[in-house]
1. Give all pairs with beta carbons closer than 6 Å in which a residue from the stretch 23-46 that is aromatic (Phe, Trp, Tyr) meets a residue that is surrounded by 14 or more Cβ atoms within 10 Å (Cβ to Cβ); count only pairs at least 6 apart in sequence or on separate chains.
2. Give the residue that is least open to solvent (accessible area, probe 1.4 Å), with candidates limited to residues of the stretch 68-87 that are farther than 24 Å from residue 146 by Cβ and assigned to a strand (DSSP E or B).
3. Check 46, 35 and return the single one that is out of contact with any strand residue (DSSP E or B) (no Cβ under 6 Å at 6 or more places or on another chain), open to solvent by less than 30 Å² (accessible area, probe 1.4 Å), under 20 Å from residue 121 (Cα atoms) and not β-branched (Val, Ile, Thr).
4. Out of 35, 2, which single residue is aliphatic (A, V, I, L, M) and modelled with pLDDT of 95 or more?
5. So if I check each of 154, 92, 81, 100, which one is touching a strand residue (DSSP E or B) at 6+ places or on another chain (Cβ under 6 Å), in contact (Cβ under 8 Å) with a residue 12 or more places away in the chain, small (Gly, Ala, Ser) and under 18 Å from residue 177 (Cβ atoms)?
6. Among the residues of the stretch 49-73, what is the count of those that are more than 22 Å from residue 24 (Cα to Cα), among the small types (Gly, Ala, Ser) and touching a strand residue (DSSP E or B) at 6+ places or on another chain (Cβ under 6 Å)?
7. Within the set of pairs 6 or more residues apart or between chains, which connect a residue that is without any contact (Cβ under 8 Å) to a residue 60 or more places away in the chain inside the stretch 55-77 to a residue that is among the β-branched types (Val, Ile, Thr) and in a strand (DSSP E or B) with Cβ atoms less than 6 Å apart?
8. If you go through the stretch 139-156, how many residues are open to solvent by less than 50 Å² (accessible area, probe 1.4 Å) and at pLDDT 85 or above?
Amino acid sequence: MLAGNGAYFPVYESDDFLEEVVLSTAASSVTFSSLGTYATAGYKHLQIRMVTRADTSGFAGHYMQFNGDTSANYTTHRLMGNGSSVSAYHYGTEDYIRLGDSERLTQSVADAFAPTIVDLLDFASTTKTTTARVLNGRTGGVSGASPRIEFHSGLWTSTNAVTSVLFKNYANYVAGTRFSLYGSKA
């Protein structure tokens, strides 16, 4: 922003709101199961925007799987910064793609939810493997934990079109957790 100019809010005309799940009670997972209909409608890429919180004081990591595939067909790379250091990790041959952490229920920041954005590029392609781009952050409001932001890249080694995606937490997602699905035809 330049001084003296009004605020600029970009409009992403190629992103269409498709569906949303807002939890009214705790749940261990959320699934979008009719993604093939969006491919038929001409959507090329999908984006899931979520805000999550878990009912735990411990590990609150969450992850995703495609088409019910629970085999070791996934790889994740992670770059993480916490304000004082940066670290990078590779997680190969796992049965999911890592998405980072949800906020924890017992943290000191009341009612905080962790944002996560997942981009599924060419989700309906049957000629290449599926890649995901993930941005995640959290406040770190638990004793000893620092705020952090994470960038993940994920790979599903199958060339099947993605027809469903499961989001799962190691604990339970709490009521108020939101998953919003958007599509892009461009």
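1. 32/165; 32/181; 38/183; 43/183
2. Let us first name the residues in the stretch 68-87 that are farther than 24 Å from residue 146 by Cβ, namely 68-75.
Those still in the list that are assigned to a strand (DSSP E or B) too: 74-75.
On the way: 74: 1, 75: 30 Å².
My answer is 74.
3. Details: 46 fails: out of contact with any strand residue (DSSP E or B) (no Cβ under 6 Å at 6 or more places or on another chain).
Criteria check complete, one pass: 35.
4. Numbers: 2 fails: modelled with pLDDT of 95 or more.
Criteria check complete, one pass: 35.
5. Numbers: 154 fails: under 18 Å from residue 177 (Cβ atoms); 92 fails: under 18 Å from residue 177 (Cβ atoms); 81 fails: under 18 Å from residue 177 (Cβ atoms).
Testing whether each residue is touching a strand residue (DSSP E or B) at 6+ places or on another chain (Cβ under 6 Å), in contact (Cβ under 8 Å) with a residue 12 or more places away in the chain, small (Gly, Ala, Ser) and under 18 Å from residue 177 (Cβ atoms) leaves just 100.
6. Number satisfying all stated conditions: 1.
7. Cβ pairs passing all conditions: 72/93.
8. Here the count works out to 5.
The values are calculated or read from the model by the stated rules, or taken from the named source; none is laboratory data. Just so it is clear, the model here is predicted, and its values are computed rather than measured. All Cβ positions, even for glycine, are placed from backbone atoms using ideal geometry, and neighbour counts span all protein chains on display. Heads up: the accessible areas ignore ligands, DNA and RNA and are worked out on the full protein's heavy atoms, side chains in. Shrake-Rupley method; radii C 1.70, N 1.55, O 1.52, S 1.80 Å.
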